Amino acid sequence: MPQSKSTRASEPQPPSETLAHIHFAVPQGWEETLSWQLSQDGFGIALTEQTFPAGYLDDEPVDGVKPMQMILVLQPEQVDSFRKRFSELAKVYGWGAVPDLTIEERDAIDSESAWRQQWKPFRCGGFVVHTNFHDLSELPLRSTDQPLQLVAGSAFGTGGHPSTRIALRVLRRWCTERPSLASFLDVGMGSGILGTAAAMMGVQKVAGMDPDPPSADQANATARANQVGDACHFWRGVLEEDQNQYDAVMANLQSGLLQRYALELAAKVKAGGPFFAGGFMDRNREATLGALCDAGFKLTREYKRGRWYAAEFLRITGNSSQ
């Protein structure tokens, strides 16, 4: 019996043979916020386009703040709704004029292949950060470059975010100025990039925790890929589960978490030890720095990239457990 038109309309439609690749530039510091919001809206994750080398070595000057180039891959029928939502977000974020969109239709490929095409190695803090699908022999490495391999996954911390890059440079300086640094904790370790970097620079005991389900497996895989798996212990969990103290601690977290857990973070740092807080935006700067200083930290340096802030501290109050 022939099917009715209504029955045909309800049948699953075949996937599109083409995908819309949307290119646009956003003010620096907004790329992570925008990508998160678009994923919440059902558009998937927007990637930040990178070229080699991106980022700066410690001895290279930081130039002016430039817009960040991004790309989003959508089904063609999603383009109109994305255009409308993108315009709304630009107004909410206070960007002024809505950034121009360049839209190209290309043959459909899976999302992982698209991600591989866009993700490029970059230099930061003396490292060349690359992934497990890059061939190091084809990269223009310098004699001073230290390759750091990330295992691809969904956890935060690919090195593209300003706060992660600042943290890598700070960590390099810590390990250079403090050769006796023996233990390190990364609170909210994500992909494990910071802890792995610490172990690669000689820190003997590296720990990290993150409540995000994929983080622990990805972080431990990244440590093993860089031959420092024995020095690193990354687990899925929260700050309260760890009762140890460390020579140095980094917490690349949202401002609300930094404020809420300021006392607990201070308790993890040995007296006189360095602490790094990153990932808070300009509107939360004063409250975040105030909470950390009240918890027993002394502010020593501050960094700004676009709307993102990060800061270094020293633990000036001895802990009761000492």
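The values are calculated or read from the model by the stated rules, or taken from the named source; none is laboratory data. All figures in this text were calculated on a predicted structure; none of them were measured in a lab. Quick reminder, even Gly has a Cβ in these numbers, built from the backbone with ideal geometry, and neighbours come from all protein chains shown.
So here's what we get for this one:
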item: Residue ranges of helices (runs of 4 or more DSSP H) in the stretch 255-321 with at least 2 members touching a residue at least 40 places away in the same chain (Cβ under 8 Å); result: 262-267
item: Members of the stretch 66-89 found to be in a helix (DSSP H, G or I), out of contact with any helix residue (DSSP H, G or I) (no Cβ under 9 Å at 6 or more places or on another chain) and not basic (Lys, Arg), listed by number; result: PRO76, GLU77, GLN78, VAL79, ASP80, SER81, SER87, GLU88
item: Counted residues, the stretch 15-33 - those being farther than 12 Å from PRO67 by Cβ and not in a strand (DSSP E or B); result: 5
item: Lone qualifier among ALA216, ALA199 - being free of Cβ contacts under 8 Å to residues at least 24 places away in the same chain, in a helix (DSSP H, G or I) and in the same structural domain as LYS268 (by TED's automatic domain parsing); result: ALA216
item: Residues satisfying the stated conditions in the stretch 85-99, i.e. over 17 Å from SER35 (Cβ atoms) and loosely packed, with under 10 Cβ neighbours inside 10 Å; result: GLY94, GLY96, ALA97
item: Filtered residues of the stretch 268-322 (kept if crowded, with 20+ Cβ neighbours inside 10 Å and modelled with pLDDT under 95); result: GLY278, GLY279, PHE280, TRP308, TYR309, ALA310
